[in-house]
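The values are calculated or read from the model by the stated rules, or taken from the named source; none is laboratory data. Note that the structure is predicted; figures quoted are calculated from it, not measured. Note: ideal-geometry Cβ built from the backbone for every residue, glycine included; neighbour counts use all protein chains shown.
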């Protein structure tokens, strides 16, 4: 990958899209992970106003520290960056007190955290006439669908969604993203503990990238795969099938002309 050229391409793409949209700049939720760090830095490099939001909900202290560390670094590098911390813990507790106990399973409440953050991002973007920039990468958005529908998947544009996770790291290193984020194990931070993405999925991002490439190449030649490769391929296929509804356009019931 020609890292510097990719950076330049995405920054120009962001600028062009923003200009055509008639909006003033970008809003990005900063989690303390590599994807949001790279996305927010690319948005900052456009020179347009950027609001970086830290939105903790009973957050692991290390994740909170990494997010704030990135925001501090970002503001030190770019004069067009503003930030805000919106602690959503109390709002989340209100939802917990409101939802029937019967629907408050672990996954439902994890997704609710992501959707609460989406509401906050659009509160800021609507008020300031800005675009919400998504932070999903290619293997998450189009491989295993590892995002929350209408949560972190509810965005206006996706600047890094054609980059594999490994490529996002390469971009991050080139941009000068802080070491703490580059070295941290990826986590979505939705569970109130320190579980990683790999622990949730059952495979590392390097393995998932291999599986996605295998499938895109046609998926032939499985006889020569190791046991672990077969396991990873199975994991990838299960996630991809279960989450297709997130990756495909919203189905619309097209009424035949004769019935209207």
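Taking residue 125, is it in a helix (DSSP H, G or I), modelled with pLDDT of 95 or more and surrounded by 14 or more Cβ atoms within 10 Å (Cβ to Cβ)? So residue 125 passes the test. Screening the candidates 16, 35 for the property of being surrounded by fewer than 20 Cβ atoms within 10 Å (Cβ to Cβ), at pLDDT 95 or above and over 17 Å from residue 78 (Cβ atoms) yields one hit, 16. Going by the structure shown, is residue 90 over 19 Å from residue 186 (Cβ atoms) and in a helix (DSSP H, G or I)? Judged against the criteria, residue 90 is a match. Condition (residue is in contact with a strand residue (DSSP E or B) (Cβ under 7 Å, 6 or more places away or on another chain), surrounded by 13 or more Cβ atoms within 10 Å (Cβ to Cβ) and under 14 Å from residue 131 (Cα atoms)) applied to region 72-79: is it met by at least one residue? The answer is no; no qualifying residue exists. Of everything in region 14-41, what is touching a strand residue (DSSP E or B) at 6+ places or on another chain (Cβ under 8 Å) and in a helix (DSSP H, G or I)? Give them in sequence order. Answer for region 14-41, where residues must be touching a strand residue (DSSP E or B) at 6+ places or on another chain (Cβ under 8 Å) and in a helix (DSSP H, G or I): 14, 17, 18, 21, 36, 39, 40.
When the helices (runs of 4 or more DSSP H) confined to region 165-260 are screened for residues that are over 19 Å from the mean Cα position of the chain (by Cα) and modelled with pLDDT of 90 or more, those reaching at least 2 such residues are found at 205-216, 227-242. As a summary of the residue check, residue 59 satisfies the conditions (1) buried (at least 17 other Cβ atoms within 10 Å of the Cβ); (2) in contact with a strand residue (DSSP E or B) (Cβ under 6 Å, 6 or more places away or on another chain); (3) not in a helix (DSSP H, G or I) except for the one numbered (2).
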